[in-house]
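Student: Below is the structure I would like to discuss, written out as structure tokens.
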Number of protein chains: 4
Amino acid sequence: MIIRLRKDITSQEKKEIIDAVLELKYKPSEVKTQFGAYLVCTGKKEFDIRKIGFMPGVGDVHRVSSQYKLVSRQWKVDNTIIDLGDGVKIKRDELAILAGPCSIESIENAEKTIEHLVKNNIKIMRTMVFKPRSSPYSFRGIGIEGLRTVSGMCKANGIKIISEVMQVSQIEEMADYVDIFQVGARNTQNFNLLDALGEVDKPVLLKRGISGTIEELLQSAEYIFSNGNEKIILCERGIRTFEDAYRNTFDLNAIPILKEKSHLPVVADPSHAIGIRMFVAQMALASVMAGADGILLEVHETPEKAFSDAQQTLQFTDAEHLYECLRKTNALRNEIKYSMTD
Amino acid sequence: MIIRLRKDITSQEKKEIIDAVLELKYKPSEVKTQFGAYLVCTGKKEFDIRKIGFMPGVGDVHRVSSQYKLVSRQWKVDNTIIDLGDGVKIKRDELAILAGPCSIESIENAEKTIEHLVKNNIKIMRTMVFKPRSSPYSFRGIGIEGLRTVSGMCKANGIKIISEVMQVSQIEEMADYVDIFQVGARNTQNFNLLDALGEVDKPVLLKRGISGTIEELLQSAEYIFSNGNEKIILCERGIRTFEDAYRNTFDLNAIPILKEKSHLPVVADPSHAIGIRMFVAQMALASVMAGADGILLEVHETPEKAFSDAQQTLQFTDAEHLYECLRKTNALRNEIKYSMTD
Amino acid sequence: MIIRLRKDITSQEKKEIIDAVLELKYKPSEVKTQFGAYLVCTGKKEFDIRKIGFMPGVGDVHRVSSQYKLVSRQWKVDNTIIDLGDGVKIKRDELAILAGPCSIESIENAEKTIEHLVKNNIKIMRTMVFKPRSSPYSFRGIGIEGLRTVSGMCKANGIKIISEVMQVSQIEEMADYVDIFQVGARNTQNFNLLDALGEVDKPVLLKRGISGTIEELLQSAEYIFSNGNEKIILCERGIRTFEDAYRNTFDLNAIPILKEKSHLPVVADPSHAIGIRMFVAQMALASVMAGADGILLEVHETPEKAFSDAQQTLQFTDAEHLYECLRKTNALRNEIKYSMTD
Amino acid sequence: MIIRLRKDITSQEKKEIIDAVLELKYKPSEVKTQFGAYLVCTGKKEFDIRKIGFMPGVGDVHRVSSQYKLVSRQWKVDNTIIDLGDGVKIKRDELAILAGPCSIESIENAEKTIEHLVKNNIKIMRTMVFKPRSSPYSFRGIGIEGLRTVSGMCKANGIKIISEVMQVSQIEEMADYVDIFQVGARNTQNFNLLDALGEVDKPVLLKRGISGTIEELLQSAEYIFSNGNEKIILCERGIRTFEDAYRNTFDLNAIPILKEKSHLPVVADPSHAIGIRMFVAQMALASVMAGADGILLEVHETPEKAFSDAQQTLQFTDAEHLYECLRKTNALRNEIKYSMTD
């Protein structure tokens, strides 16, 4: 059960609501976000929720049967829109494109990418500066100094930045330079990191775990929301299976299901999902038809020289053709309007 | 190595080619199909294939490095087109739609389905009469008598029939009444069945195994081809993974990969893949963008009364809207033409 | 619900029982096996089963809540013992060992294997003569002629034969020469083959599917039992997962679980499960401690020359040491007696 | 390539070695641990390693072909022994048992557990005070204050403590109270945490990821070692697959493989792996036969009242019987001595 509290609630009213919840043997957790205050109540007893609904100070009240609560569409029917400012939004009808190299390699690399994005009217740049790597002996990113420089360049060009955060201590130093924090697939259940990102007023793009279930992804999103941050974007990036003909099994089923279960926007990462350059375009287009609100793409001026993920990165001219096709496909998708979650 | 033999080859010429192959320590297997005669030669030695290419009786010769040979695009570059007669084909630019109930339940059920297909210009009907079921106590299909009756009804309406064959002994009794034999996911590696279907001059739609790899699917197709039948259609229908939010993990990555590795047409079965009615449409549309040459769909006049797979079956009016959207999406796909395999 | 019918039941009594079952809206299936006659009744209604229990002609009656019925321990508490004659049994306290090459390669190969088994008091020989192979161009076994010859050699030495059957038409020709039919992992859901093996009075060793669930394995066993054959052995042989450091993921969890859910004996196949010779012994010993009633082992006089599975096959002297260790481990296991299913 | 540096190496000698490495186009990483100093060199060129071996200051030099280096048995053949002081060790022949509740719930719960361990001569207690939970609304452990208290109780009774660390900031506050840091399955690729644990002089028990490969587990161990900490224990705890008849698929294959690939000790966690109380004992015994150096067990005075993992936790008297059986099984295992890694 989720109780939305009125903005003008008095502390006496709140106390009485909490008492009523406890009397029902429910456990209330208070949540305050950028947009509102809620009591998330977990328990099992059946009762008439109007009892709570009519109490002074209550905005509205909803049963939520799933384990995740605040991220559920059972409570909030309207699609969440992520507003990055300057008119840049992540929302279904516009189809966000988030493009850039796997990781920023140099200032020159950033410059060329920005030029490419501006030319193609792409508003969000992949700007990874910390890279999680299986082996401790691999390149681990240019680090925070690089981010600072690139951030200035992006601001001058009206480009928003998404960048991966790997640990709690990086949040503060990154906060001024990023527009979206990315949580990578290896950190989807790093609960301390999620808790900390819940206390920040910045959008968080949360990737599905390497073998994470849809349920677990939503519960991880609940960590962020229940700590106070409603600005969450979910990302399907492929899961681990027995098949080894490609990098990951792209679970496009997850897209309509996530959009039906949750009000949060869902983006797809075909580059990591298939991991083979020549097939990225088809899978990006398929993602749009499956209902994705945005597409993450790895692009590079000379992919074969990229420090990492070279084999799945698109060259700029190929990417340009793909952007155009993505937009046409999205236009058709908007015309078709397949479900109420669109 | 695949050696295509000339139609006018003499037995002496063939003998000399085989001797040359054996001398190279290669093992030749002779294959005769509806369309040609081949020597498939397995071995490891490196040599100049022109030695073979210049021999009398040789049409052409190609190295094929994969385990599967005759189904590989390394040998045959052009897309295979499945011609079912009366102008009905399975080929990329037209997008075949194969629709019908999970299994035919009654003559009335068949009548209503045929009427629906005719109205919507759908040319191929799912007409399953033998059903593989996990439990021996479940409905196992109306059997061969039913097929005979429905076949007459379909012929009268210009509808082609695809029907699942479960064992060698059914092939002969079904052959006069079906246009495409379907091999189900539990029989993808039933090698005796594949051998026997190789001896028939009817198209075979081969579903990917429940946890079959892309490589195994192609090797199973090789069984059919190497026994003499070139008319093979591959089908992605979802694989088994840890995720249980849906029926199977729809592996759309497999579509562009299969089309690049093989010249055979590839169709998708979104009904079985996601297994939830409200999401079938999005996944069908996504399949087209991923490059599918055809779509299998479960439709029923009253899905909630269907004997099996009720929860994933579309009602006729929903299906009609989907057919239209599939055709629009395919038109856009043809316009985009993303790869040389289209 | 399973109703065991008395041997002296009259047809009038049976008719009355079936009527009573139908009146309860249950669907009765009659099953006759080597050992008894049963009515397996599927339905949902709650009722007092004593109503049925007190009817003339009824031996006993049990509720069985699982999808599989006759193979369930809910109905039959005592462990099934497979008696192969001449004192050779598959039962917990003796630990059966079933050893031999992956497939019989020649008469000489069979001779050497038999000599090895006799020397080590092993009573059951792996004698595969039909091999399912992913590629149509691989060695497919020496066939039925070979089986006939080897069968004579085995009989002369008191050795029982287990051999894989791949299709219905082979059952009859193999029946005189084998003591146990093996159903391989690719045929676990070949329902026509299972139906046909249900009509034979020979034990059937049923391997778990390549990615088959425990539930599916039991339902496949139900196919055999419900067609009349109670002599079934279940076999864990590894499942397909994302891990590629070995051949299959050996699911030893399945052993105690299968033994708790079913009264059928359960054997383990460590050779196929791990697929790496140097680790087969540890996994065989672990299988015994997990509760296996028998162990399948691939052994060969010169493993490196074996036609198939060379890398997982034990040399005779290594196998001899393992047999001794397996027997010691089983003695300790019998002493410990960990569960009532032992 | 790993170069072990002599303790008395001069800085000039080291410089010359590094120069020689760089000249070979190898990239050297300097590693200092509790026990030695190494240069880990990654590169591809083939050369005669004796060139390096003969240089002043070099202890020895080994080629290591795997991605992980310092944790590989290619370099260090002898089994690593973890010495916890007071005669408590984790090493093959003694079989370590690490037992306790899923998480410490209260001081009373800790007291009863300690009494149980002392009585049964168990030297290491599971003492989790921070719990990673899928849902933010679940019990998250008693925290650092609880650990402090329990630590004193354990010291007074000669019991060593293993406790899970979830983030870098907890390391320092926990360090005085734990004898082994545990890294849970959701943090196996939390590289910042691994880096930080590499700087501590305490043993680290590293659990395999929820769907982590054997290779990834070893690379994660390499993170710890390459930051300076050689005291690492690997733990198999089950992987995620399609099977849902139990909690996780216990990958016992991983035990002999890890022990062959690495010199680090390997323990097994049957409680989490199968997750069903009645089967934990068999799987624990199987783990010993597969070669485990230690066993993690969840035990509780009244399992049905445990705050978490109740269904997989053993009651004290059942656990006592199991300890005895584990020791008998280990004695047999030591007698058998199946591989050189024992």
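Student: If I ask for residues that are facing another protein chain (nearest Cβ under 7 Å) and touching an Asp or Glu at 6+ places or on another chain (Cβ under 7 Å), which ones from the range A:205-242 would you list?
Tutor: Result: A:Thr213, A:Ile214, A:Tyr223, A:Ile239.
Student: Take residues that are under 17 Å from the mean Cα position of the chain (by Cα) and away from chain A (no Cβ under 14 Å) and tell me which of the strands (runs of 3 or more DSSP E) falling wholly in the range D:36-101 contain 2 or more. Lay out the reasoning, then the answer.
Tutor: Details: elements: D:37-42, D:58-62, D:82-85, D:88-90, D:96-100.
Because the criterion is at least 2 residues that are under 17 Å from the mean Cα position of the chain (by Cα) and away from chain A (no Cβ under 14 Å), the strands (runs of 3 or more DSSP E) in the range D:36-101 that meet it are D:82-85, D:88-90, D:96-100.
Student: It is to be established whether one or more residues within the range C:315-329 are touching a helix residue (DSSP H, G or I) at 6+ places or on another chain (Cβ under 6 Å), in the same structural domain as C:Leu117 (by TED's automatic domain parsing) and outside any helix (DSSP H, G or I).
Tutor: yes
Student: Could you please tell me which pairs satisfy a Cβ distance under 7 Å, a separation of 6+ or placement on different chains, a first residue in the range C:4-21 that is under 21 Å from C:Lys69 (Cβ atoms), and a second residue that is basic (Lys, Arg) and loosely packed, with under 15 Cβ neighbours inside 10 Å?
Tutor: none
Student: If you take the residues of the range D:301-342 that are β-branched (Val, Ile, Thr) and over 16 Å from D:Met278 (Cβ atoms), which of them is modelled with the lowest pLDDT? Outline the logic, then answer.
Tutor: Let us first name the residues in the range D:301-342 that are β-branched (Val, Ile, Thr), namely D:302, D:313, D:317, D:329, D:336, D:341.
Next, from what is left, pick out any that are over 16 Å from D:Met278 (Cβ atoms): D:302, D:329, D:336, D:341.
Details: D:Thr302: 92, D:Thr329: 97, D:Ile336: 90, D:Thr341: 68.
Of everything passing the filter in the range D:301-342, D:Thr341 is modelled with the lowest pLDDT.
Student: Now for a separate question. Which of the following residues is more than 12 Å from chain B (Cβ to nearest Cβ) and buried (at least 24 other Cβ atoms within 10 Å of the Cβ): A:Asp309, A:Asp269?
Tutor: Details: A:Asp309 fails: buried (at least 24 other Cβ atoms within 10 Å of the Cβ).
Going through A:Asp309, A:Asp269 in turn, the sole match is A:Asp269.
Student: Go through B:Ile52, B:Ile81 for me and flag whichever is touching a helix residue (DSSP H, G or I) at 6+ places or on another chain (Cβ under 7 Å) and under 25 Å from B:Phe225 (Cβ atoms). Steps first, answer last, please.
Tutor: On the way: B:Ile81 fails: touching a helix residue (DSSP H, G or I) at 6+ places or on another chain (Cβ under 7 Å).
Among B:Ile52, B:Ile81, only B:Ile52 is touching a helix residue (DSSP H, G or I) at 6+ places or on another chain (Cβ under 7 Å) and under 25 Å from B:Phe225 (Cβ atoms).
Student: Select from the range B:1-20 the residues that are out of contact with any Lys or Arg (no Cβ under 8 Å at 6 or more places or on another chain) and of a type outside the set (D, E, K, R) and write down the one among them that is nearest to B:Arg73 (Cα to Cα).
Tutor: Ranking the qualifying residues of the range B:1-20, first place goes to B:Ile3.
Student: I'd like to check something: does the range C:175-187 contain any residue that is within 17 Å of B:Ser169 (Cα to Cα) and within 9 Å of chain B (Cβ to nearest Cβ)? Steps first, answer last, please.
Tutor: The first filter runs over the range C:175-187 and keeps only residues within 17 Å of B:Ser169 (Cα to Cα), leaving C:187.
Those left that are additionally within 9 Å of chain B (Cβ to nearest Cβ): C:187.
Yes: the range C:175-187 contains one or more residues that are within 17 Å of B:Ser169 (Cα to Cα) and within 9 Å of chain B (Cβ to nearest Cβ).
Student: Are there any pairs with C-beta distances below 6 angstrom linking a residue in the range B:127-152 that is more than 8 Å from every other protein chain (Cβ to nearest Cβ) and in contact (Cβ under 8 Å) with a residue 60 or more places away in the chain to a residue that is surrounded by fewer than 22 Cβ atoms within 10 Å (Cβ to Cβ) and of a type outside the set (Gly, Ala, Ser), with the two at least 6 apart or on different chains, and if so which?
Tutor: From the range B:127-152, the pairs are B:Lys131/B:Arg140; B:Phe139/B:Phe307.
Student: Does D:Thr113 count as under 22 Å from D:Gly275 (Cα atoms), touching a helix residue (DSSP H, G or I) at 6+ places or on another chain (Cβ under 8 Å) and surrounded by 23 or more Cβ atoms within 10 Å (Cβ to Cβ)? Quick ask: steps written out before the conclusion?
Tutor: Details: under 22 Å from D:Gly275 (Cα atoms): yes; touching a helix residue (DSSP H, G or I) at 6+ places or on another chain (Cβ under 8 Å): no; surrounded by 23 or more Cβ atoms within 10 Å (Cβ to Cβ): yes.
Against the criterion (under 22 Å from D:Gly275 (Cα atoms), touching a helix residue (DSSP H, G or I) at 6+ places or on another chain (Cβ under 8 Å) and surrounded by 23 or more Cβ atoms within 10 Å (Cβ to Cβ)), D:Thr113 does not qualify.
Student: Okay, moving on. Collect the residues in the range B:247-293 that are closer than 23 Å to B:Asp309 by Cβ and either hydroxyl-bearing (Ser, Thr, Tyr) or free of Cβ contacts under 8 Å to residues at least 12 places away in the same chain (or both), keeping them in residue-number order.
Tutor: B:Thr249, B:Ser271, B:Met278, B:Gln282, B:Ser287
Student: Go through the range A:272-300 and give me each residue that's more than 15 Å from A:Ile97 (Cβ to Cβ) and in a loop (DSSP other than H, G, I, E, B). Reasoning before the result, please.
Tutor: We begin by selecting, within the range A:272-300, every residue more than 15 Å from A:Ile97 (Cβ to Cβ); these are A:272-279, A:282, A:286, A:289-291, A:300.
Hits for the range A:272-300 are A:Gly275, A:Ile276, A:Gly291.
Student: Going by the structure shown, is C:Ala185 out of contact with any helix residue (DSSP H, G or I) (no Cβ under 7 Å at 6 or more places or on another chain), assigned by TED's automatic domain parsing to the domain that holds C:Asp269 and hydrophobic (A, V, I, L, M, F, W, C)?
Tutor: Values: out of contact with any helix residue (DSSP H, G or I) (no Cβ under 7 Å at 6 or more places or on another chain): yes; assigned by TED's automatic domain parsing to the domain that holds C:Asp269: yes; hydrophobic (A, V, I, L, M, F, W, C): yes.
Against the criterion (out of contact with any helix residue (DSSP H, G or I) (no Cβ under 7 Å at 6 or more places or on another chain), assigned by TED's automatic domain parsing to the domain that holds C:Asp269 and hydrophobic (A, V, I, L, M, F, W, C)), C:Ala185 qualifies.
Student: Is it the case that C:Gly141 is surrounded by fewer than 14 Cβ atoms within 10 Å (Cβ to Cβ), part of a loop (DSSP other than H, G, I, E, B) and not aromatic (Phe, Trp, Tyr)? Steps first, please.
Tutor: Working: surrounded by fewer than 14 Cβ atoms within 10 Å (Cβ to Cβ): no; part of a loop (DSSP other than H, G, I, E, B): yes; not aromatic (Phe, Trp, Tyr): yes.
Judged against the criteria, C:Gly141 is not a match.
Student: On the given criteria, is C:Lys91 within 29 Å of C:Arg333 (Cβ to Cβ), basic (Lys, Arg) and surrounded by fewer than 23 Cβ atoms within 10 Å (Cβ to Cβ)?
Tutor: Working: within 29 Å of C:Arg333 (Cβ to Cβ): yes; basic (Lys, Arg): yes; surrounded by fewer than 23 Cβ atoms within 10 Å (Cβ to Cβ): yes.
Yes.
Student: Then there's this: Of the residues that sit in the range B:153-174 and are more than 19 Å from B:Leu297 (Cα to Cα) and either among the β-branched types (Val, Ile, Thr) or crowded, with 16+ Cβ neighbours inside 10 Å (or both), which one is farthest from the other protein chains (Cβ to nearest Cβ)?
Tutor: B:Met153
Student: What are the residues in the range D:223-260 that are of a type in the set (Gly, Ala, Ser) and surrounded by 24 or more Cβ atoms within 10 Å (Cβ to Cβ), if any?
Tutor: Step one: list which residues in the range D:223-260 are of a type in the set (Gly, Ala, Ser), which gives D:226, D:228, D:238, D:245, D:254.
Result: D:Ser226, D:Gly238, D:Ala254.
The values are calculated or read from the model by the stated rules, or taken from the named source; none is laboratory data. Remember, it's a predicted structure, so these values are computed and weren't measured experimentally. Neighbour counts are summed over all protein chains in view; Cβ atoms, including those assigned to glycine, are modelled from backbone coordinates with ideal geometry.
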